[in-house]
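First the structure, in the form of structure tokens, and then the observations on it.
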Amino acid sequence: MGYDNDYDSKKKEVLCIRCPKGCLMRVIMQKSGIEVIGAKCENGITYAESEIICPMRLLTTTVQTVFSGQPRLPVKTSGEIPLSRFPEVLRKIREILVRTALQPGDIAAKDIAGSGIHLICTGGIDNDQDTAFY
Ligand code: SF4
């Protein structure tokens, strides 16, 4: 890939988090495409390109429950979602109220905000919990 005129290009540094080596990459965005410098493997190039075009992340948070002893249940998304959709997804997550004693690995909510991604429990609720709040 050739270099365009400097006036037509933008540069950004991206730290690769795909493995512990943590390569610091320079991404050059040009009219002709994206060039990645400093990646030691193809995974890094793919990561850098996705960070520029559409950064994706797993989301970890908690949801509200009806159980007085465990009012919040930790959850994570079943896959990465675009960072730009986090506000919309978090709004939907705030509406969730868990009414059963879910366990780690259970699905707390399906297809969250139409993303095709489920919300998976990373913690559990003891079966002997009171439901004093609701
Ligand atoms: S570019 Fe490759 S070697 Fe470097 S941190 Fe990313 S995955 Fe690891």
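The values are calculated or read from the model by the stated rules, or taken from the named source; none is laboratory data. Since we're looking at a predicted model, the values are computed, not measured. Don't worry about glycine lacking a Cβ; one is built from the backbone with ideal geometry, like all the others, and counts go over all protein chains shown.
Please find, among R26, R72, the residue that is at pLDDT 95 or above and in the same structural domain as G116 (by TED's automatic domain parsing).
Answer to the selection: R72.
Per-residue answers, yes or no, for (1) more than 13 Å from the chain's Cα centre (by Cα); (2) in contact (Cβ under 8 Å) with a residue 24 or more places away in the chain:
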site	(1), (2)
Q70	yes, yes
E80	no, yes
R91	yes, no
I96	yes, yes
P104	yes, no
I112	no, yes
I117	no, yes
D128	yes, no
T131	yes, yes
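What number of residues in the range 92-119 are in a strand (DSSP E or B) and over 18 Å from T60 (Cβ atoms)? Give the steps one after another, and end with the answer.
Let us first name the residues in the range 92-119 that are in a strand (DSSP E or B), namely 97-98, 107-109, 119.
If we keep only those that are over 18 Å from T60 (Cβ atoms) too, we end up with 97.
Residues in the range 92-119 being in a strand (DSSP E or B) and over 18 Å from T60 (Cβ atoms): 1 in total.
For the range 9-23, enumerate the residues that are surrounded by fewer than 19 Cβ atoms within 10 Å (Cβ to Cβ) and either under 22 Å from E80 (Cα atoms) or over 22 Å from the mean Cα position of the chain (by Cα) (or both).
Within the range 9-23, S9, K10, K11, E13, L15, I17, R18, C19, P20, K21, G22 qualify.
Go through the range 30-47 and give me each residue that's more than 12 Å from K11 (Cα to Cα) and either crowded, with 18+ Cβ neighbours inside 10 Å or without any contact (Cβ under 8 Å) to a residue 24 or more places away in the chain (or both).
G38, A39, K40, C41, E42, G44, I45, T46, Y47
Six or more apart or on different chains, Cβ under 8 Å: which pairs go from a residue in the range 8-24 that's farther than 15 Å from T46 by Cβ to one that's among the β-branched types (V, I, T) and within 10 Å of the ligand (Cβ to nearest atom)? Could you list them?
As it stands, the answer is L24/V14, since those pairs meet every condition given.
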